[in-house]
Amino acid sequence: MPVVNWLKRHLVVIAGLVTLAYLLLPNVIVTVFSFNKPKGRFNYQWQQFSTDAWKDPCGVADMCGSLSISLQIAFWATIGATLLGTMIAFALVRYRFRARGTVNSLIFLPMAMPEVVMAASLLTLFLNLGAQLGFWTILIAHIMFCLSFVVVAVKARVMSMDPRLEQAAQDLYAGPAQTFLRVTLPIAAPGIAAGALLSFALSFDDFIITNFNAGSTVTFPMFVWGSAQRGTPVQINVIGTAMFLVAVLLVLTSMVISNRRNRQKA
Amino acid sequence: MATVTEAPPLAPTPEKKPPRKRGRWTPYWLLLPGLLWLIVFFALPMIYQGSTSVQTGSLEEGYKVTWHFSTYWDALSEYWPQFLRSILYAGSATILCLILGYPLAYLIAFRAGRWRNLVMVLVIAPFFTSFLIRTLAWKTILADSGPVVSTLNSLHILDVTNALGWTAGDRVLATPLAVVCGLTYNFLPFMILPLYTSLERIDGRLHEAAGDLYAKPWTTFRKVTFPLSMPGVVSGTLLTFIPAAGDFVNAELLGSTDTRMIGNVIQTQFLRILDYPTAAALSFILMAAILFMVTIYIRRAGTEDLV
């Protein structure tokens, strides 16, 4: 029974590929339906092929505005969270100080908390303080929940770093600042980059916390949420497809470049 | 994309060297801004929420702390079905994620060879398309007249799920099945990444050793691979269950009024009905329930050093 044997041997691979298909199916649908020409307000049923939406991606009122707000918030949230998170990570790995346990749990808890709880409690704070909900409250919230992820990413990298490299730099008469800038930072950079990338993705895609604390400001996920009630324009799929393609292309290019570099070294 | 795989949020990170002591005040200066941020915008709000939950009053007249604890009792007795449903749906989604995610994580770690990076990219890439857009795509996939529903129908699978109460009529949309399917889809990468990280650390020679000792592949998996991947299983299930239990997006977009989860209730209470004390109490109960379950789970799984 060669077929049965073959199936047995490749069962894991087949099951894995099925899962991969499950993960990618929605993206295929999003892409295909970006070329749809729906009859009604909702873009859920295939009607006919059209490139109208691709020719006019900003043709829907307010959508590109919301996209720009989301990009701005994601940009500043990434900078804020990466800066604060990297500092915490260095303090945690490199120094001994009191209340380490408290600090650790304060960083762990936001990741172990359902988003809706953080969103609701933050809203009660803002309401009690009488803060004006909008761009700034969203930014504050995003920095808050991205911070922990940066700490974890940077911490992992700094922890695996050989401390003798820094000692060597100091033995070679590098000052503390020089050691940090020319040795420590370059080695920690991949961790910091991973944290920043994660922050950007988390902030850009956040809906639950933003929904509670946005006031009348509309980010891109908020726009999509609203359109699920009012009618989904095809342009949403165009943006979704474009983001997917850009991300895949960026990652593949960086992979090719690092492969080449590795080969040159070897 | 090696960068992301290096940093699964809950992967155990053993402390190797004791931190050294340098400038006495330096760590505090480094910690100050970030911790202040977390204290003011994470811890303090929890206290405000606790206080709001025991207040009485109205929007017009304002709220006062009256230690009105019966809000908790009222909230629980009115919304316990939604609580139960949240735990049930999130639990089912977590189990499904484990069943679906494990083979893929295993495939990436041991069987993908030169395709490893590409598969990894494909697992992460969907993240870059807004999850709301991707969730809406399930409306198309599970549409009443679509190929998925008609296939399930002709195979009489829908008859079974109807009998179990997972679906109703000849549709999948607006049923518990659709919500669980959406939750599973949305949180699957959070299962796969930690699983992959812990599988990848396993020394391949252990598999060979098990084989040399006449263990069949299944025995090797049960006795060697799976136990060694436990840290990944624990953090993966946590990373899936916690956000799934508080989610309201899938229940709203793919479900109906009969599939409302506790997240939906909190959202409507806060943003539409504006009953802040009830909403705060519900949110507090959810938080307490999850922290309780997570603590028990971590104790039982025996991995307490998750951060």
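Read-outs throughout are calculated quantities, based only on the coordinates presented, and are distinct from any laboratory measurement. Remember, it's a predicted structure, so these values are computed and weren't measured experimentally. Quick reminder, even Gly has a Cβ in these numbers, built from the backbone with ideal geometry, and neighbours come from all protein chains shown.
Considering helices alone, the calculated mean residue ellipticity of chain A at 222 nm is -24500 deg cm²/dmol, with DSSP H runs of length four and up weighted by -39500 (n - 2.57) and normalised per residue.
Evaluated at q = 0.06, 0.07 Å⁻¹, a Debye calculation over the C-alpha positions of the protein assembly as shown (equal weights, vacuum) places log10 I(q)/I(0) at -0.32, -0.44. Here the label points at residue A:45 and residue B:208, each 7 Å from Cα along the C-beta direction, are separated by 6.0 nm in the simple model.
Built from the Cα atoms of segment B:70-139, the convex hull projects on average onto 7.2 nm², one quarter of its surface area.
Considering every residue in A:88-94, what mean count of other chain Cβ atoms within 10 Å of its Cβ is obtained? Can you show the working numbers first?
Working: counts 9, 2, 4, 10, 5, 6, 7.
Rounded to a whole number, the mean comes out at 6.
What is chain B's relative contact order, in percent, from Cα pairs under 8 angstrom and six or more apart in sequence? Let's see the in-between values first.
Values: 330 pairs, mean separation 89.4, N = 307.
It comes to 29 percent, rounded to a whole number.
Could you tell me whether segment B:175-289 comes out rounded, prolate or oblate from its Cα gyration tensor? Rule is a ≥ b ≥ c as square roots of the eigenvalues, rounded for a/c under 1.5, then prolate if a/b exceeds b/c, otherwise oblate. List each step's numbers first, then the result.
Numbers: a/c = 4.27, a/b = 2.82, b/c = 1.51.
Taking the square roots of the gyration eigenvalues as a ≥ b ≥ c, segment B:175-289 is prolate.
Exposed loop sites here are trypsin sites (Lys or Arg not before Pro) in DSSP loop states with at most 15 other C-beta atoms within 10 Å. What is the longest stretch of chain B lacking them? Formally, the longest exposed-site-free interval is B:25-200.
Counting Cβ atoms of other protein chains within 10 Å of each residue's Cβ and taking the mean over peptide A:241-247 gives 4.
Using the rule -39500 (n - 2.57) for each DSSP H run of four or more residues, divided by the residues of chain B, the 222 nm mean residue ellipticity is -20000 deg cm²/dmol.
Using only the Cα atoms, work out Rg/Rh for segment A:61-232, with Rh taken as the Kirkwood radius, to two decimals. Here the Rg-to-Rh quotient is 1.08. Scattering from segment B:114-192 was approximated by placing one identical point on each alpha carbon and applying the Debye formula without solvent; log10 I(q)/I(0) at 0.25, 0.27 1/Å stands at -1.11, -1.21. Legend note: in the protein assembly as shown, cysteines whose Cβ sits 4.7 Å or more from every other cysteine Cβ are A:146, B:97, B:181. Values of log10 I(q)/I(0) for segment A:8-95 across q = 0.25 Å⁻¹ run -1.17, by the Debye formula with one identical scatterer at each alpha carbon and no solvent.
Return the loop-located trypsin sites (Lys or Arg not before Pro) in segment A:43-112 (DSSP other than H, G, I, E, B) with at most 16 other Cβ atoms within 10 Å of their own Cβ; answer none if there are none. Each step should come with its number before you reach the end.
Numbers: sites: A:55, A:94, A:96, A:98, A:100; in loops: A:96, A:98.
Taking segment A:43-112 and a limit of 16 other Cβ atoms within 10 Å, the loop trypsin sites (Lys or Arg not before Pro) found are A:96, A:98.
GluC sites (Glu not before Pro), restricted to segment B:198-254: which are DSSP loop and have at most 16 other Cβ atoms within 10 Å? Please list the in-between numbers first.
On the way: sites: B:200, B:208, B:252; in loops: none.
For GluC sites (Glu not before Pro) across segment B:198-254 that sit outside H, G, I, E and B with at most 16 neighbouring Cβ atoms in 10 Å, the list is empty.
For the protein assembly as shown, the tally of Lys pairs with Cα-Cα distances below 23 Å comes to 9, considering only residues 8 or more apart or on different chains.
Can you give the translational diffusion coefficient of chain B in µm²/s, computed by Stokes-Einstein from the Kirkwood radius over Cα pairs at 25 °C and 0.890 mPa s? If you can, show how the numbers build up before the last one.
On the way: Rh = 22.4 Å.
Roughly 109 µm²/s, to the nearest whole number.
Rounded to the nearest whole Hz, the Karplus-based 3J(HN,Hα) values (6.51 cos²θ - 1.76 cosθ + 1.60, θ = phi - 60°) of segment B:86-98 follow the sequence 4, 5, 5, 5, 5, x, 4, 4, 5, 5, 4, 4, 5, with x at glycine and proline. Paramagnetic label reach from residue B:168 (point 7 Å along Cα→Cβ; backbone nitrogen cut-off under 16 Å): within segment B:247-281, residues B:251-261. With contacts taken as Cα pairs under 8 Å and at least 6 residues apart, chain A reaches a relative contact order of 31 percent.
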